[in-house]
Amino acid sequence: MTHEPYGADAGFETLAIHAGQEPDATTGAVVPPIYQVSTYAQDGVGNLRNGYEYSRSANPTRTALQECLAALEDPAGAAAGTTTAMSFASGLAAEDTVLRTVLKPGDHVVVPDDAYGGTYRLVSKVAGPWGVEHTPARLTDLDAVAAAVQPGRTKIVWVETPTNPLLRVADIAAIAEVAHAAGAILVVDNTFASPYLQQPLLLGADVVVHSTTKYLGGHSDVVGGAVVTNDPELGERLAYHQNAMGAVSGPFDAWLTLRGIKTLGVRMDRHCANARAVAEVLRDSAKVSQVLYPGFEDHDGHHVAVKQMKDFGGMISFRHAGGEQAALDFCARTRVFTLGESLGGVESLVEHPGRMTHASVAGSELEVPADLVRLSVGIETVDDLVADVVQALG
Ligand SMILES: Cc1ncc(COP(=O)(O)O)c(C=O)c1O
């Protein structure tokens, strides 16, 4: 009997290191090789070796990443072959593929009233002109979500939790019921939590999307996206569109993402611990009017976060009591926190959402406060992070 350390009952870290990544059959290489190749020799017309034909359709390095992602989001479903994952060139390419697989002109989507600006731009400015309508809803208010849903017309309820950048927490299981009752599917953007902290498919979601650029990749060296579903029929349609639309990840990007995933568990533990320490310092400062961090008991999504997340993540936003200029000055003064977009890497980042990641939602219902600062707390020495925040507050 073969010993399979990566079976469905294996722990998260074991799956992260082994799922989809058996030693190479020819050489025993313990890490999947980078199959930097576009096409594959066929043993006769239509007689493919292990299904590989052309790298847009399938590539062994990408296959390894996809199998690993499916196992992390839903170990039992992945082992049974009912849960599948697809890897893309970016998070937005993954989201676009979901939208164009599920929707047609005339359909309607419920979107969060706080979300990554690029997601809202994709739905409103790209899908909108093709005839897809959307309604923003406050995801923390189930009645608001139910009121936004149009039974028969709404095909997707789109959830981000925790949200970017206001760290609101949506109750995935409860929203799944609302979506399903109206005949819609529930898509959860799991980028902020990562599958280590939260597994939406196990809570009732139909599809998970990721910007793997963030915690999954984890080292700010690769852009990528993923879609995972536990609905086999939808999985087939998504896989068809992945190939037909073609926004796949290249082999080296897939390899870098897999390499990052191996340490996801230990990185997330440190991200969470460091974020808590930084959040506490911010809460103690008179220069800060509000700290948005789901780990605090007085955060209005705390009890839901406790129910559906293993820990509270590495993201914090705060409102500077001194207003917009003071928020901008804070961003200019940090030394360990690097001023930059993105999040989820080992290095700490600071940004001003209103002028940076969320500039595209200015003037919309998703506009963010001008005094808001967002921190992606990295895994540097916690004392250095705390000292940096204290000196930047001045
Ligand atoms: C929550 C969230 N979803 C999706 C995306 C889009 O991903 P990408 O930048 O990889 O296209 C981002 C990017 O910042 C994000 O923060």
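The values are calculated or read from the model by the stated rules, or taken from the named source; none is laboratory data. Source: prediction; values computed, not measured. Positions of Cβ are backbone-derived with ideal geometry, glycine not excepted, and every protein chain shown enters the neighbour counts. Heavy atoms of the whole protein, side chains included, go into the accessibility calculation; ligands, DNA and RNA do not. Shrake-Rupley method; radii C 1.70, N 1.55, O 1.52, S 1.80 Å.
Once you have the Kirkwood Rh of the chain from its Cα pairs, apply Stokes-Einstein at 25 °C and 0.890 mPa s and quote D in µm²/s.
Here the translational diffusion coefficient equals 114 µm²/s.
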Overall Cα dimensions of segment 9-106 - principal axes, largest extent first, Å: 52, 41, 24
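Keeping all protein chains in place, calculate the accessible area per residue for the chain (probe 1.4 angstrom), answer in Å². Display every interim value, and only then the final one.
Working: 16050 Å² over 394 residues.
For the chain, the per-residue accessible area is 41 Å².
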Estimated FRET transfer efficiency when R0 is 25 angstrom, pair GLN36-ALA244 (beta carbons, to 0.05): 0.60
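Nothing charged except the Cβ atoms of Lys and Arg (+1) and of Asp and Glu (-1): what's the magnitude of the dipole of segment 259-328 about its Cα centre? Round to the nearest 20 debye. Write down the numbers at each step before the final one.
Numbers: 10 positive and 8 negative charges, 93 e Å.
About 440 debye.
Regarding segment 84-242, what whole-number volume in Å³ per residue does the convex hull of its Cα atoms give? Present the calculation step by step, with values, prior to reporting the outcome.
Values: hull volume 15.7 nm³, N = 159.
Roughly 99 Å³ of hull volume per residue.
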Where labels lie 7 Å past Cα in the beta-carbon direction, separation of THR27 and GLU297 in nm: 5.6 nm
Long-range amide H partners of VAL159 with built H, under 5 Å: VAL187, VAL188, ASP189
Proximal aspartates and glutamates relative to LYS310, as straight alpha-carbon distance under 12 Å, when same-chain residues fewer than 8 apart are discounted: ASP269
The chain, accessible surface, carbon-and-sulfur percent (1.4 angstrom probe): 53 percent
Packing-based order for 197-208, 154-165, 27-38, using average beta carbon neighbours within 10 Å, highest first: 154-165, 197-208, 27-38
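About its Cα centre, how strong a charge dipole does segment 1-160 have in debye, to the nearest 20, once Lys and Arg get +1 and Asp and Glu get -1 at the Cβ?
Details: 10 positive and 19 negative charges, 146 e Å.
For segment 1-160, the charge dipole is close to 700 debye.
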Over the chain: helical MRE at 222 nm, DSSP H runs n ≥ 4 each giving -39500 (n - 2.57), nearest 500: -10500 deg cm²/dmol
Gyration tensor (alpha-carbon) shape descriptor, segment 251-391, a/c threshold 1.5: rounded
Calculated SAXS-style log₁₀ I(q)/I(0) at q = 0.12, 0.16, 0.17, 0.21 Å⁻¹ - segment 196-329, Debye, Cα scatterers: -0.65, -0.99, -1.05, -1.24
